[in-house]
1. Based on the alpha-carbon gyration tensor of segment 116-250 and its eigenvalue square roots a ≥ b ≥ c, which shape applies: rounded if a/c is under 1.5, prolate if not and a/b is larger than b/c, or oblate?
2. Note down the net charge around V93, summing +1 for each Lys or Arg and -1 for each Asp or Glu among other residues with Cβ under 15 Å from its Cβ.
3. Under 1.5 on a/c is rounded, so check that first for the chain, then, if it is not, pick prolate when a/b is larger than b/c and oblate when it is not; a ≥ b ≥ c are the square roots of the alpha carbon gyration tensor eigenvalues.
4. Per residue of the chain, what 222 nm ellipticity follows from adding -39500 (n - 2.57) for every DSSP H run with n ≥ 4, rounded to the nearest 500?
5. What does DSSP give for segment 1-110 in terms of the percent of beta bridges that are antiparallel, rounded to the nearest 5?
6. Relative contact order for the chain: what percent, with Cα pairs under 8 Å and sequence separation of 6 or more?
7. Note down the net charge around L196, summing +1 for each Lys or Arg and -1 for each Asp or Glu among other residues with Cβ under 11 Å from its Cβ.
8. Arranged from highest to lowest average of other beta-carbon atoms within 10 Å per residue, in what order do the peptides 111-118, 134-141 appear?
Amino acid sequence: MAPEAQHSGSPRQIAFLLLPEFSHLGIAAAIEPLFVANWLVQQTLFDWKVISADGKPVRASNRILLPVDGDLASADGVKTVFVLASFEPDRAVRERSNLRWLKRMARFGVELGGIENGSLVLAEAGLLNGHTVAVHWDNLMGFQERYPATRPAAQLYARSGERVTCAGASAILDMMVAWIGWHADADLAGEVAEHLLLSGVRAAEREQRSAPSDGPSGLDAAVAKALAVMRAHVEEPLTCGEIAQRAGLSLRQLERRFKRQARCSMLQKYRLIRMAKAHQLLQQTRLSVTEVALSCGFSSPEYFCRLYRGLFDCSPRQDRRQSTTAPVLRLAVPNGRRLRIAES
């Protein structure tokens, strides 16, 4: 065993910076593997503190108010900082004092990690430029638009120099177990995984989803091909006839299969896919409503706004925040409100 902490004679000091609306699951998943590692070796390999910008408790997205150990100044001397953010990311990136502090930590050679939208905060500070960044699939499009100097990927987690990023949720456990292997011992990391009942630590590069979940499972090859064509042609939409031709069926044949398998028409599904992109761009970028409409293949902003209101019961201008109370588009749901997008 050759853990860094064992040779240094002191535990590795870690700070978890909580930003408002962080994931409560996220902080538990990040800390528990460290606790298990310390418990297994019966010594403190890792020591951590939970901090906030001002040292006051922080409310998580599930409304639990979590007390912290101190403010930013209390984390001086740590070797690793993980930033946790989830909903309300725009609010997080507006806190310039946090960005200045993170830049200072980077100058001191501190390893910086972003968990879920914590990576967005690091990117806003310019600390992920040129780095591979693991971004949750639901935020990938907005992240790419806002931070073109980064290399975002829909993978579980990523290590790029002194930067570590994670898409969030269950991938946090994978990342933290791998992190223990990087900074302590691979065998210990394996033991931690076993105690956490993880069948194995998933590779960092593993994709988050095997395929986009925008329809029921069991689709035949032609319908799956048509959906792929739709997703590839959002900004400049094709006609349904062109999609059918690329899928290798007549329009009538493909339309019947959509009604039977996807439980909606081709046009409805295509508009839902385009609306999903619009929904993400509105909430995750600073693009204007007109720019979003054009990016999603709607040449008429007025028509786009009318469709959007029909789907979400709010105008695009009212849907500019990624918050727990914002409208949600569930593409995988086979019926309900989402199918009220008109055919004409």
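None of the figures in this text is laboratory data; all of them are computed from the coordinates on show. These numbers were taken from a predicted model, which means no experiment stands behind them. Positions of Cβ are generated from backbone atoms using ideal geometry, with glycine treated the same way; all protein chains shown enter the neighbour counts.
1. Oblate, since a/c reaches 1.5 and b/c is not below a/b.
2. Summing Lys and Arg as +1 and Asp and Glu as -1 gives +2.
3. Working: a/c = 2.56, a/b = 1.83, b/c = 1.40.
It is prolate, given that a/c is not under 1.5 and a/b is the larger ratio.
4. When only DSSP H runs of four or more count, the value is -12000 deg cm²/dmol.
5. If I count the DSSP bridges inside segment 1-110, around 15 percent turn out antiparallel.
6. 13 percent
7. After counting each charged neighbour, the total is -4.
8. Values: 111-118: 27.5, 134-141: 21.1.
Top to bottom by mean Cβ count within 10 Å: 111-118, 134-141.
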